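The values are calculated or read from the model by the stated rules, or taken from the named source; none is laboratory data. These figures come from a predicted structure and were not determined experimentally. All Cβ positions, glycine included, derive from the backbone under ideal geometry; neighbour counts span all protein chains shown. Remember, those area values only see protein heavy atoms, side chains included, never the ligands or the DNA or RNA. Shrake-Rupley method; radii C 1.70, N 1.55, O 1.52, S 1.80 Å.
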Amino acid sequence: MKRYFAILILLLFASVTGQGQNLRCHYTSWSKMEASGKFSKVPDRRLDYFEGKSAWYSESSYLRDSLHFIAFDDTGKTADPEAYGELTRTRSTSFDATTIDYHTQTFLQHYQSSRLFLSGSGSLSLPQWSLSEEEKEILGFSCYKATARYLGRDWTIWYAVDFPVGIGPWLLWGAPGLILEARDADNLFVFSCTQIEELEDGHRFDLLRQYYTVPRNKSRIGNYTNDTLQKVELTYTKLRTDVNFFDQAHSIKSVRVVDTDGKELDRSAFYKYIPLIPTEYWNNPR
């Protein structure tokens, strides 16, 4: 059994580091918003895979980031008015990204909070998928079910063996095929693939890492780079849940939020966030 498991790991590793299919997969993701109890929807998630590297990001955020590079120079001044105008009309649907290098078995988890940029590094651990013969069709492909306890949550995935690359959304990977659908047991997070296309060029791995980790101009007030995944996850969660910490980190002295009638609202009510990796996981990682 141990020998079989070792061979399986080698096969899975080969499936994500070899010269196989290079893909751009379109996903829609949903995540539970603790404050309202509703779900936040990101309809333009992308998963790029190219020669052993993958990037998980929002298309609209990538467009906005690209415009930002063009619009401003290294001092933070406007360099391209046309790009700046387009930037002001572009809204991001998500401010996070995940970039994975399967050759080195490492990844960076990226976040942006206003003008703060965070990137936490980690080593890939292989989810211990329990494979099932249960089958269903997604996008015309036969998909098989698998489950695993991974990074503090119980995940159910559906993977397509038609695409022999063991990749998936976010940090989910290591199945015997491309993960087209994933959901945690508490129904807090859902990833659903809507389109698959071949990727011949235009891989965005390097550009995403450059945007999140390389300080470029004075518009940034801080960078948490080269930190561990744990530190960045806990810092970002605190930024999203502690209004006082958010204000301190962004050098905000006084902010008032009012409703349409001019009544002041409690800002702390808006600082509710459920992280993909639960905070309690870091007390006993498994």
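Residues in the range 169-178: is at least one within 20 Å of Gln128 (Cβ to Cβ), touching a residue at least 12 places away in the same chain (Cβ under 8 Å), assigned to a strand (DSSP E or B) and open to solvent by 10 Å² or more (accessible area, probe 1.4 Å)? Give the steps one after another, and end with the answer.
Let us first name the residues in the range 169-178 that are within 20 Å of Gln128 (Cβ to Cβ), namely 169-178.
Subsequent filtering for residues that are touching a residue at least 12 places away in the same chain (Cβ under 8 Å) retains 169-178.
Narrowing the set further to residues that are assigned to a strand (DSSP E or B) leaves 178.
Next, from what is left, pick out any that are open to solvent by 10 Å² or more (accessible area, probe 1.4 Å): none.
No: the range 169-178 contains no residue that is within 20 Å of Gln128 (Cβ to Cβ), touching a residue at least 12 places away in the same chain (Cβ under 8 Å), assigned to a strand (DSSP E or B) and open to solvent by 10 Å² or more (accessible area, probe 1.4 Å).
Assuming Gln210 fulfils every condition listed in (1) polar (S, T, N, Q); (2) open to solvent by 70 Å² or more (accessible area, probe 1.4 Å); (3) closer than 19 Å to Pro278 by Cα apart from one, which condition is it?
All conditions are met except number (3).
Name the single residue that is most open to solvent (accessible area, probe 1.4 Å) among those in the range 27-63 being under 13 Å from the mean Cα position of the chain (by Cα) and among the small types (Gly, Ala, Ser).
Ser31
Restricting the search to the range 137-168, which residues are open to solvent by 10 Å² or more (accessible area, probe 1.4 Å), of a type in the set (Val, Ile, Thr) and either within 19 Å of Tyr281 (Cβ to Cβ) or part of a strand (DSSP E or B) (or both)?
Ile138, Thr147, Thr156
Would you call Gln109 assigned to a strand (DSSP E or B) and touching a residue at least 12 places away in the same chain (Cβ under 8 Å)? Let's see the steps before the verdict.
On the way: assigned to a strand (DSSP E or B): yes; touching a residue at least 12 places away in the same chain (Cβ under 8 Å): yes.
Against the criterion (assigned to a strand (DSSP E or B) and touching a residue at least 12 places away in the same chain (Cβ under 8 Å)), Gln109 qualifies.
Give the residue that is nearest to Ser142 (Cα to Cα), with candidates limited to residues of the range 179-188 that are open to solvent by 10 Å² or more (accessible area, probe 1.4 Å) and of a type outside the set (Lys, Arg). Steps first, answer last, please.
First, the residues of the range 179-188 that are open to solvent by 10 Å² or more (accessible area, probe 1.4 Å): 181, 183, 185-188.
With of a type outside the set (Lys, Arg) added as a condition, the list becomes 181, 185-188.
Numbers: Glu181: 12, Ala185: 22, Asp186: 25, Asn187: 23, Leu188: 25 Å.
Only one residue fits best here, namely Glu181.
Can you confirm whether Pro127 is surrounded by fewer than 18 Cβ atoms within 10 Å (Cβ to Cβ), assigned to a loop (DSSP other than H, G, I, E, B), in contact with a Leu (Cβ under 9 Å, 6 or more places away or on another chain) and in contact (Cβ under 8 Å) with a residue 24 or more places away in the chain? Working first, answer last.
On the way: surrounded by fewer than 18 Cβ atoms within 10 Å (Cβ to Cβ): no; assigned to a loop (DSSP other than H, G, I, E, B): yes; in contact with a Leu (Cβ under 9 Å, 6 or more places away or on another chain): yes; in contact (Cβ under 8 Å) with a residue 24 or more places away in the chain: yes.
Here the answer is no, as Pro127 does not meet what is asked.
Which of the numbered conditions does Ser114 fail, given that it passes all the others? Conditions: (1) crowded, with 16+ Cβ neighbours inside 10 Å; (2) at pLDDT below 95.
Condition not satisfied by Ser114: (1).
Can you tell me which residue in the range 247-267 is nearest to Ser114 (Cα to Cα), limited to those that are of a type in the set (Gly, Ala, Ser) and either open to solvent by 100 Å² or more (accessible area, probe 1.4 Å) or modelled with pLDDT under 75 (or both)?
Ser254
Name every residue in the range 189-206 that is assigned to a loop (DSSP other than H, G, I, E, B) and either open to solvent by less than 40 Å² (accessible area, probe 1.4 Å) or farther than 26 Å from Ser119 by Cα (or both), in order of residue number. Let's see the steps before the verdict.
First, pick out the residues of the range 189-206 that are assigned to a loop (DSSP other than H, G, I, E, B): 199-204.
The answer is Leu199, Glu200, Arg204.
Can you say whether Tyr102 is under 16 Å from Ala55 (Cβ atoms) and in contact with a Phe, Trp or Tyr (Cβ under 9 Å, 6 or more places away or on another chain), as far as the supplied structure shows? Even if it seems obvious, please write down each step before you answer.
On the way: under 16 Å from Ala55 (Cβ atoms): yes; in contact with a Phe, Trp or Tyr (Cβ under 9 Å, 6 or more places away or on another chain): yes.
Here the answer is yes, as Tyr102 does meet what is asked.
Which residue pairs have Cβ atoms closer than 6 Å, lie 6 or more positions apart in sequence or on different chains, and pair a first residue in the range 18-34 that is more than 18 Å from Phe191 (Cα to Cα) and modelled with pLDDT of 90 or more with a second residue that is open to solvent by 40 Å² or more (accessible area, probe 1.4 Å) and assigned to a strand (DSSP E or B)?
That search, which allows pairs on different chains as well, returns Asn22/Phe50.
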